[in-house]
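The values are calculated or read from the model by the stated rules, or taken from the named source; none is laboratory data. Here the structure is a predicted model, which means the values were calculated and not measured. With ideal geometry, Cβ positions are generated from the backbone for all residues, glycine too; neighbour counts draw on all protein chains shown. When the accessible area is computed, the model is the full protein with side chains, heavy atoms only, and any ligands, DNA or RNA have been set aside. Shrake-Rupley method; radii C 1.70, N 1.55, O 1.52, S 1.80 Å.
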Amino acid sequence: MDYSLENHASYIGRPASELPTPALVLSKPLLEHNTRILLEDVKRLGIKFRPHVKTLKCNEVTRMMLGNGTHRRIVASTLAEIRGALDLVKSGELDECLYGLPVSASALPFLETLTKSLKILLMIDSEQQIDVLESYASESTSVSSWPVFIKIDVGSKRAGVVNDSPSLPKLIQRIELSTVANVYGFYCHAGHSYACRTEDAAAAVLQTEVEGVVEAAKSLVADKSDRTVVVSVGSTPTAHVVKRLQGALPQGLELELHAGNYPSNDLQQVATSLVEPTQQAVRILADVCSVYPDRNEALINAGAIALAKETSEFPGFAIVADRPQWSVVRMAQEHGILGWAESDQTKRLVQKTGSKSCDGDKVENAFKVGDKVMLYIQHACITAAMHYAYYVVDEQDIVRETWVPWKGW
């Protein structure tokens, strides 16, 4: 068993610098700050909110994202996430969960069991999935009809059907005529919004999302005037500019926002220019294990399975938080190589965070064996999935709590 999973609570009250490495360190004040900003925007707009629990995967953060009971619906990418969130159902804080992948036959028995505890919604983007539901219903099942979101592709080219595809009206009609499913709403995720670099660009993508799901929903709303159809939009970059939403929805539509990464943030989010570097709530603590002056590099004990191999406009796979010119330039499974990687992005990071900028470019001046380094990461969702315990710190980097995430699929 992982050491942190057995012993994490023993570090409560101690400085983060004393943690076993590699360790995932969470700033609770930043988590609360980042979460509060979005909840305030949602409240001001008077719209519904469905946080995605895929990033930090634990009750403590999910409760925070739900506004301690203000919102009562989530989206999850794994069955393990739904099972983990059942504690919030038992405490009366959660009513509904969307299983966020297009539904597969192997997931249905588990999802049916989960319907005994909370309302489960399915994601549909193909008539073949209705075939699967009908085949499953022909066997013994207690679910009479599944509420479903139809997934609309508004440009990310991951899941979903585009609005001008002839398969969309056929899919809608198939669901409407089926006894095993009913249309709850239309859902899109603007994954391509991560390429945005300004508020205006993100706001334009957000508007495209809204227009995409509203267009898809028109036929249903027109057919049944007393029907309420949920249109769900969002991604963390577009959620950051949700306050710029314009225009009223047609009658019969209920707007819902979804987002997942925003409590933590990471270098990919900073690269969009929509969040500040100081809003990154996740860091990885690692040991400097060796220093190589001849090649101007150092070795740390955090590699691909502690950091993940995601990238962004920031160089490397992670950046030393207080010396951003040094980044993890190469990795093996358990090893990371720190190298000098000054760039325009890291120069701006130095200016905005007040980090050290006078080490020079010599590794022997920056690091020595036995040092511990805090790393900003490229993508919090994937990095967090690598760790068995989170060490939750205050403003002084003292461990005040430890949280255990939901693991597996």
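Working carefully through the options LEU101, LEU56, find the one that is within 24 Å of THR383 (Cβ to Cβ), among the hydrophobic types (A, V, I, L, M, F, W, C), assigned to a loop (DSSP other than H, G, I, E, B) and in contact (Cβ under 8 Å) with a residue 40 or more places away in the chain. Lay out the reasoning, then the answer.
On the way: LEU101 fails: assigned to a loop (DSSP other than H, G, I, E, B).
That would be LEU56, the only listed residue that is within 24 Å of THR383 (Cβ to Cβ), among the hydrophobic types (A, V, I, L, M, F, W, C), assigned to a loop (DSSP other than H, G, I, E, B) and in contact (Cβ under 8 Å) with a residue 40 or more places away in the chain.
Please pick out the residue among THR70, THR55, THR21 that is surrounded by fewer than 19 Cβ atoms within 10 Å (Cβ to Cβ) and within 20 Å of VAL242 (Cβ to Cβ). Talk me through it step by step, then tell me what you get.
On the way: THR55 fails: surrounded by fewer than 19 Cβ atoms within 10 Å (Cβ to Cβ); THR21 fails: within 20 Å of VAL242 (Cβ to Cβ).
From the options THR70, THR55, THR21, the qualifying one is THR70.
Spot the failing condition for THR35; the list is (1) over 30 Å from ASP371 (Cα atoms); (2) touching a strand residue (DSSP E or B) at 6+ places or on another chain (Cβ under 8 Å); (3) β-branched (Val, Ile, Thr), and only one is missed.
(2)
The rows are residues; the columns are (1) part of a strand (DSSP E or B); (2) of a type in the set (Ser, Thr, Tyr); (3) closer than 23 Å to ALA380 by Cβ; (4) open to solvent by less than 20 Å² (accessible area, probe 1.4 Å).
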{"residue": "ILE74", "(1), (2), (3), (4)": "yes, no, yes, yes"}
{"residue": "GLU93", "(1), (2), (3), (4)": "no, no, no, no"}
{"residue": "CYS97", "(1), (2), (3), (4)": "yes, no, yes, yes"}
{"residue": "SER135", "(1), (2), (3), (4)": "no, yes, no, no"}
{"residue": "GLU139", "(1), (2), (3), (4)": "no, no, no, no"}
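Out of the range 7-40, which residues are more than 20 Å from ASP266 (Cβ to Cβ), of a type outside the set (A, V, I, L, M) and part of a helix (DSSP H, G or I)?
Selection gives ASN7, HIS8, SER10, TYR11, SER17, GLU18, GLU40.
Among the candidates TYR194, TYR187, single out the residue that is in contact (Cβ under 8 Å) with a residue 12 or more places away in the chain and crowded, with 23+ Cβ neighbours inside 10 Å. Break it down into steps so the answer makes sense when it comes.
Working: TYR194 fails: crowded, with 23+ Cβ neighbours inside 10 Å.
Going through TYR194, TYR187 in turn, just one is in contact (Cβ under 8 Å) with a residue 12 or more places away in the chain and crowded, with 23+ Cβ neighbours inside 10 Å: TYR187.
Note down all Cβ pairs under 7 Å where the first residue falls in the range 128-157 and is at positive phi, the second is buried (at least 22 other Cβ atoms within 10 Å of the Cβ), and they're at least six residues apart or on different chains.
Cβ pairs passing all conditions: GLY155/ALA190.
Just for the range 29-52: of the residues that are of a type in the set (Lys, Arg) and open to solvent by 60 Å² or more (accessible area, probe 1.4 Å), which one is farthest from GLU93 (Cα to Cα)? Full working, then the answer.
Pass one, the range 29-52, residues of a type in the set (Lys, Arg): 36, 43-44, 48, 50.
Restricting the remaining residues to those that are open to solvent by 60 Å² or more (accessible area, probe 1.4 Å) gives 36, 43-44, 48.
Values: ARG36: 18, LYS43: 18, ARG44: 22, LYS48: 15 Å.
In this case the residue turns out to be ARG44.
Between a first residue in the range 340-355 that is in contact (Cβ under 8 Å) with a residue 24 or more places away in the chain and of a type outside the set (A, V, I, L, M) and a second residue that is crowded, with 18+ Cβ neighbours inside 10 Å and in a helix (DSSP H, G or I), which pairs have beta carbons less than 8 Å apart while being 6 or more apart in sequence or on different chains?
What qualifies is TRP340/VAL363; GLN345/ALA271; LYS352/PRO277; THR353/PRO277; SER355/LEU349.
Given the conditions (1) open to solvent by less than 50 Å² (accessible area, probe 1.4 Å); (2) touching a residue at least 24 places away in the same chain (Cβ under 8 Å), report the number of the one that ASN182 does not fulfil.
Failed condition: (1).
Could you list, in sequence order, the residues of the range 327-341 that are buried (at least 23 other Cβ atoms within 10 Å of the Cβ) and either within 15 Å of LEU285 (Cβ to Cβ) or of a type in the set (Lys, Arg) (or both)? Break it down into steps so the answer makes sense when it comes.
The initial filter retains those residues of the range 327-341 that are buried (at least 23 other Cβ atoms within 10 Å of the Cβ), namely 327-328, 336, 338.
Passing the criteria: VAL328, GLY336, LEU338.
What about LEU122, is it among the hydrophobic types (A, V, I, L, M, F, W, C), open to solvent by 20 Å² or more (accessible area, probe 1.4 Å), part of a strand (DSSP E or B) and within 30 Å of LEU39 (Cα to Cα)?
No.
Output the residues belonging to the range 275-313 that are out of contact with any Phe, Trp or Tyr (no Cβ under 8 Å at 6 or more places or on another chain), in a loop (DSSP other than H, G, I, E, B), open to solvent by 10 Å² or more (accessible area, probe 1.4 Å) and closer than 26 Å to SER193 by Cα.
If the condition is that a residue be out of contact with any Phe, Trp or Tyr (no Cβ under 8 Å at 6 or more places or on another chain), in a loop (DSSP other than H, G, I, E, B), open to solvent by 10 Å² or more (accessible area, probe 1.4 Å) and closer than 26 Å to SER193 by Cα, then GLU276, SER312, GLU313 are the ones that fit.
Could you identify the single residue in ALA216, ALA202 that is under 26 Å from the mean Cα position of the chain (by Cα), in contact (Cβ under 8 Å) with a residue 24 or more places away in the chain, in a helix (DSSP H, G or I) and farther than 25 Å from LEU274 by Cβ? So that I can check it myself, show each step before the final result.
Values: ALA202 fails: farther than 25 Å from LEU274 by Cβ.
None of the others qualify; the one that does is ALA216.
Here are some residues: SER138, SER117, SER142, SER178. Which one is modelled with pLDDT of 85 or more, within 26 Å of ARG227 (Cβ to Cβ) and among the hydroxyl-bearing types (Ser, Thr, Tyr)? Give the steps one after another, and end with the answer.
Working: SER138 fails: within 26 Å of ARG227 (Cβ to Cβ); SER117 fails: within 26 Å of ARG227 (Cβ to Cβ); SER142 fails: modelled with pLDDT of 85 or more.
Only one candidate passes the filter, namely SER178.
Within the range 99-112, how many residues are of a type in the set (Phe, Trp, Tyr) and surrounded by fewer than 21 Cβ atoms within 10 Å (Cβ to Cβ)? Spell out the reasoning first.
Quick first cut of the range 99-112, residues of a type in the set (Phe, Trp, Tyr) only: 99, 110.
After this cut, where a residue has to be surrounded by fewer than 21 Cβ atoms within 10 Å (Cβ to Cβ) as well, the list is 110.
Matching residues across the range 99-112 total 1.
Condition check ((1) under 20 Å from LEU253 (Cα atoms); (2) modelled with pLDDT under 95; (3) in contact with a Cys (Cβ under 8 Å, 6 or more places away or on another chain); (4) not charged (D, E, K, R)) across all residues:
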| position | (1), (2), (3), (4) |
| --- | --- |
| ASN59 | no, no, no, yes |
| ARG63 | no, no, no, no |
| ASN68 | no, yes, no, yes |
| ALA80 | no, no, no, yes |
| LEU86 | no, no, no, yes |
| GLY92 | no, no, no, yes |
| CYS97 | yes, no, no, yes |
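Just to be sure, is LEU171 open to solvent by 20 Å² or more (accessible area, probe 1.4 Å) and closer than 25 Å to SER142 by Cα?
no
May I ask you to list pairs of residues, at least six apart or on different chains, whose Cβ atoms are under 6 Å apart, with the first in the range 232-243 being open to solvent by 10 Å² or more (accessible area, probe 1.4 Å) and the second being assigned to a helix (DSSP H, G or I) and not hydrophobic (A, V, I, L, M, F, W, C)?
Once the first residue is open to solvent by 10 Å² or more (accessible area, probe 1.4 Å) and sits in the range 232-243, its partners that are assigned to a helix (DSSP H, G or I) and not hydrophobic (A, V, I, L, M, F, W, C) give LYS243/ASP41.
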